[in-house]
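Inspection log for the structure reproduced underneath, given as structure tokens.
No value in this document is a laboratory result; all are computed from the given coordinates. What you see is a predicted model, and the numbers here were worked out from it, not measured in a lab. No Cβ is skipped: glycine too gets one built from the backbone with ideal geometry, and neighbour counts run over all protein chains shown.
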Amino acid sequence: MNQNITENINQIQARIENACQKVGRNPKEVKLLLATKTVNAERIKTVLNAGYTLIAENKVQEVKEKYDALKDIPHTSHFIGHLQTNKIKEILRYDIRCIQSLDRIELAQKLQQRLAYENKNMDVFIQVNTSNEASKFGIAPEKAIALVQEVAQFDRLHIKGLMTIGLFSAKSEEVRPCFQLLKNLQLEINGLNITNVDVSELSMGMSNDLEIAIEEGATIIRVGTAIFGKRIYSDSYYWNENH
Ligand SMILES: *Cc1c(COP(=O)(O)O)cnc(C)c1O
């Protein structure tokens, strides 16, 4: 099993390198984030010990369950799931470096409040719904800049990037516009020179579409299935706030 994980990571590395080569990018510009939902702490330890130390969960409950087992191995944790405001206090206990799924002002306000109370800061990405699928979270693209401007005023939150989940489609030419949209938003936002905003990271691309995301400028790809194998729950389980 562990052998498999290492082999799978090597394959992902090769895919990253090929995609970079195709468009003349340096593979070092693309960070591999391991999406570890449903993966137990033992298996996560394997990848951390192999030197892949950027990981992310979708649910606060899973962050909590695995925290003790992983806390002594150096790594960086991001959060990539839908965050309910009543979970803010809890998530701040677990050393999360960046919340990639900030998608509404109410969440930003409540995060700011709690971070100020605890005298902490948090890196955030704005999650944009680039595919217009109702089943996915994220701010609508046309409202993203307004959200960035509002969040920029919260001194405890530091916007470092944008995140999106591409359209689920086997046709690459249908997925690509999602990633192009995120890239264009990045350029537009950085052009505005907003204080407290530096959108240098683009978190886009998953097991099935990472090449397209890299071609369009991804700096972080989020990979689960291609490394850890198929999950028993469908992704809608993880992307639905009612679970
Ligand atoms: C699960 C998940 C991923 C990884 O998806 P795979 O298709 O398993 O590689 C990436 N981003 C988010 C937000 C996820 O929930």
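A few points about this structure:
- Scanning the stretch 91-115 for residues that are touching a residue at least 24 places away in the same chain (Cβ under 8 Å) and of a type in the set (S, T, N, Q) returns Gln100, Ser101, Gln109, Gln112.
- Checking each residue in the stretch 188-202 for being within 19 Å of the chain's Cα centre (by Cα) and either part of a loop (DSSP other than H, G, I, E, B) or within 16 Å of the ligand (Cβ to nearest atom) (or both) picks out Glu201, Leu202.
- Of the residues contained in the stretch 87-100, none is found to be in contact with a Leu (Cβ under 6 Å, 6 or more places away or on another chain) and of a type outside the set (A, V, I, L, M, F, W, C).
- Unique residue being more than 13 Å from the ligand (Cβ to nearest atom), at positive phi and among the small types (Gly, Ala, Ser) when the list is Gly205, Gly217, Gly229: Gly217
- The single residue among Leu181, Leu157, Leu185, Leu162 that is under 21 Å from His82 (Cβ atoms) and within 16 Å of the ligand (Cβ to nearest atom) turns out to be Leu162.
- Complete set of residues in the stretch 1-52 that are β-branched (Val, Ile, Thr), in contact with a strand residue (DSSP E or B) (Cβ under 7 Å, 6 or more places away or on another chain) and without any contact (Cβ under 8 Å) to a residue 60 or more places away in the chain: Ile44
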